[in-house]
Amino acid sequence: MSKTPLSLPFFVAKEKNLFAAQKIEPILVECLGGTRCVKELTEGRVDMATSSELPFMFAAFEGKPISLLSTFVSNKDDMKFLVRKSALKGDIKALVGKRIGFVEKSASHYYMDLFLLYKGVDPKSTVPVPMGVDALANALSKGEVDAISVWEPWGQTALRMGGGDVAVLDAPRLYSQTFNLLVGNEYRLANSRKSIAVLSALDDAIQFIKKNPDEAKRILARDVGLDSETVKAVWPTYQFELTLQQSLLSTVQGQARWARREGHVVPTLAEPEFLNFIDSSPLRKIKPSAVDFVYP
């Protein structure tokens with residue numbers, strides 16, 4: 001489970017005993033970012049994992065035995081591109097040759113390229129510096145990189161640490177990020193009841209969040225370690241809902257083309273049939289209206 005505001009339904013389900021109400025007792029293992037969570041899953045150390053759609057896309061390219069069960073939150077404004085003003089000096093073209101920190105093969109990676117292309121800067125003209133998400137804000141504030149591409153709450157952390165020299169560069173909502181529940185296929189096939197129970201608990205947690213936003217915000221601040229101002233800043237951007245939508249498939253197909261074009265996957269690998277890595281049956285059993293087209 002990624003330690004991010006996007007994981008709020010898990011925190012709420014644990015706090016309010018919603019897992020216990022479904023007769024399950026999951027052990028919540030925290031990790032920093034979906035890429036690390038998916039690695040834990042594909043290497044067999046956990047049974048389920050949370051992730052944005054991008055690490056899922058890379059795992060599918062590699063033929064990992066996992067399935068996506070549901071999106072549980074989407075966000076059109078979670079990603080941020082931050083710069084040191086002293087490095088940019090007001091000219092976006094000054095990003096050419098600059099060091100940009102990012103998390104490899106994550107939403108941070110994809111957003112960095114999207115942002116640069118939108119601004120008319122060839123990503124290959126910059127100096128990408130891969131690192132862990134927890135290192136990005138510090139690297140920017142110390143001048144070890146000139147810009148970073150990062151998700152919340154690390155964007156707010158970078159702004160605080162950087163003081164007046166760090167700023168967010170504006171851009172339209174370049175893509176809608178999803179946060180999803182993935183499961184190992186061996187576990188999924190052997191524990192269908194538990195998979196359904198986890199989704200049911202998450203759905204109950206989402207209903208609680210909608211009905212009790214103030215309490216949900218307090219849980220978020222405590223469990224992710226955020227101050228109230230950061231929670232207030234990021235809260236309006238999240239849309240909590242169990243869904244499996246056509247747009248998810250379209251997004252990962254677009255990301256697959258990007259990964260191949262930019263050389264992030266082995267060129268000889270065929271683009272996966274992503275439908276084979278999505279199992280809608282557990283979600284259909286508890287919320288059939290949440291699946292908006294025919295998944296296997």
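At a glance:
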{"quantity": "Selected residue [under 22 Å from Ala87 (Cβ atoms), surrounded by fewer than 18 Cβ atoms within 10 Å (Cβ to Cβ), among the β-branched types (Val, Ile, Thr) and in contact with a Lys or Arg (Cβ under 6 Å, 6 or more places away or on another chain)] from Val127, Val145", "calculated": "Val127"}
{"quantity": "Selection from segment 208-231 of residues that are among the polar types (S, T, N, Q), surrounded by fewer than 19 Cβ atoms within 10 Å (Cβ to Cβ) and in a helix (DSSP H, G or I)", "calculated": "Ser228"}
{"quantity": "Positions within segment 232-264 being outside any helix (DSSP H, G or I), closer than 19 Å to Ser108 by Cβ and at pLDDT 90 or above, in sequence order", "calculated": "Tyr238"}
{"quantity": "Candidate set: segment 66-103, residues that are modelled with pLDDT of 90 or more and assigned to a loop (DSSP other than H, G, I, E, B); chosen: the one nearest to Lys39 (Cα to Cα)", "calculated": "Val103"}
{"quantity": "Failed item, numbered, when Leu117 is tested on (1) surrounded by fewer than 18 Cβ atoms within 10 Å (Cβ to Cβ); (2) in a strand (DSSP E or B)", "calculated": "(2)"}
{"quantity": "Of the criteria (1) touching an Asp or Glu at 6+ places or on another chain (Cβ under 6 Å); (2) open to solvent by 70 Å² or more (accessible area, probe 1.4 Å), which one Arg45 fails", "calculated": "(1)"}
{"quantity": "Residues (within 26 Å of Ser176 (Cα to Cα), open to solvent by 10 Å² or more (accessible area, probe 1.4 Å) and of a type in the set (Ser, Thr, Tyr)) located in segment 72-109", "calculated": "Ser74"}
{"quantity": "Test: residue in segment 2-20 that is assigned to a loop (DSSP other than H, G, I, E, B), crowded, with 19+ Cβ neighbours inside 10 Å and at pLDDT 95 or above", "calculated": "no"}
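Yes/no matrix, rows are residues, columns are (1) assigned to a helix (DSSP H, G or I); (2) at pLDDT 85 or above:
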| residue | (1), (2) |
| --- | --- |
| Ala158 | yes, yes |
| Gly162 | yes, yes |
| Leu174 | no, no |
| Val183 | no, yes |
| Arg193 | yes, yes |
| Val198 | yes, yes |
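The values are calculated or read from the model by the stated rules, or taken from the named source; none is laboratory data. Just so it is clear, the structure is predicted and the values come from calculations on it, not from any experiment. Reconstructed Cβ throughout: ideal geometry from the backbone, glycine too, with neighbour counts over all protein chains shown. Each accessible area value is taken on the protein alone, full model and side chains, heavy atoms only, with ligands, DNA and RNA left out. Shrake-Rupley method; radii C 1.70, N 1.55, O 1.52, S 1.80 Å.
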